[in-house]
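Okay, structure first, notes after.
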Amino acid sequence: MPTHPPPAPIPALRAALFDLDGTLADSDPLIAAAVVESCAHYGYRLTAEEVLPHIGPPMVVMLQQMLSIGPEWAETITGDYLERYRDRFMPRTPPLPGAEALLDGLHARGVPMAVVTNKYEDAGRALVRRLGWERRFGVVVGHDTTGRGKPAPEPVLHALGALGAAPNEAALVGDSPADMGAGRAAGLRAVIGLAGRNSAAALGEAGATHVVGDLDAVAALLAEARGA
């Protein structure tokens, strides 16, 4: 089989921001299953395959887009979803292949790291604890932390402020157009897209500076990152 050389490292990086669901955690199928249950409870019949392409925005926004409903009704379904997801689905979430090695390598080199997720902040922290990554991520930013979710730049800029890093020395890694848009809007040096659920073309159009296929390739891009 043909092999491809690893991507060249991105120089002058001193901080790394990560999306969580679908980027470091293999949570998308579990999120979709919980959404299917909650929607069915309120009379909306969906399959996981129909839900998966919509994952990325905050859940309230996602439900409005997917079901063509108003914000109040979406908030009601989101409340039901959060209970189901936290109690039965989140505890079963594994890390994605390569996540542990990537985070261990960055931590060993003293690179400050943050999670920037469109989950609620407390749900993001709960998943970080579930995966045993509290020492890796002292900073977790949710869509409610700043009052705006990705693709708005505020969550990314909030994380950079907490880490004491400038946009031109940071990278964001994510798997959705919302992630890419947030990184681009915040002016980050590198916005790295993981192709899979979303195509390389869609990630590039949304603002990715680099698109790769797995977390091993992300590790190669961040291989020279050092903490300040």
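The values are calculated or read from the model by the stated rules, or taken from the named source; none is laboratory data. Only a predicted model underlies this, so the values are computations on that prediction, with no experimental measurement involved. As a convention, Cβ positions derive from the backbone with ideal geometry for all residues, glycine included, and neighbour counts pool all protein chains shown. Ligands, DNA and RNA are excluded from the accessible area calculation, which covers all protein heavy atoms including side chains. Shrake-Rupley method; radii C 1.70, N 1.55, O 1.52, S 1.80 Å.
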- Note on the structure: Taking a probe of 1.4 Å and leaving out DNA, RNA and ligands, the chain shows per residue an accessible area in Å² of 43 Å²
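Regarding segment 62-185, what whole-number volume in Å³ per residue does the convex hull of its Cα atoms give? Each step should come with its number before you reach the end.
Values: hull volume 14.3 nm³, N = 124.
Hull volume normalised by residue count: 116 Å³.
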- DSSP loop (so not H, G, I, E, B), at most 13 other Cβ within 10 Å: list which trypsin sites (Lys or Arg not before Pro) in segment 30-126 pass both filters. ARG45, ARG109
- Message: If N is the number of residues in segment 50-104, what value comes out of its Cα radius of gyration divided by 2.2 N^0.38 Å?
- Response: 1.42
- Task: Select from the chain the helices, each a whole stretch of DSSP H, whose alpha-carbon atoms run 18 Å or more along the helix axis and whose Kyte-Doolittle mean is at least 0.5; answer none if there are none.
- Result: 28-41
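Segment 113-207: which GluC sites (Glu not before Pro) are DSSP loop and have at most 16 other beta-carbon atoms within 10 angstrom?
GLU134
Seen from all sides and averaged, what is the projected area of the convex hull of the Cα atoms in the chain, in nm²?
On the way: hull surface 48.3 nm².
Over all viewing directions, the chain projects a mean Cα-hull area of 12.1 nm².
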- Can you pull the Kirkwood radius for segment 11-64, inverse mean 1/r over Cα pairs, to one decimal in Å? 12.6 Å
- Task: Measure of size requested: the Rg and Dmax of segment 162-222, with Cα atoms as the atom set and Å as the unit; please supply both.
- Result: 10.9, 32
- Note on the structure: Quick shape check on segment 112-183: root eigenvalues a ≥ b ≥ c of the Cα gyration tensor, a/c under 1.5 is rounded, otherwise prolate if a/b tops b/c, else oblate, and it reads oblate
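From the protein chains alone at 1.4 Å, what is the descending order of accessible area for TYR42, TYR85, largest first?
The ordering from most to least exposed comes out as TYR42, TYR85.
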- Query: Cα extents of segment 1-136 along the three principal axes, largest first, in whole Å?
  - Reply: 50, 38, 26
- Message: Probe radius 1.4 Å, ligands and nucleic acids ignored: give me the carbon and sulfur share of the accessible area of the chain as a rounded percent.
- Response: 53 percent
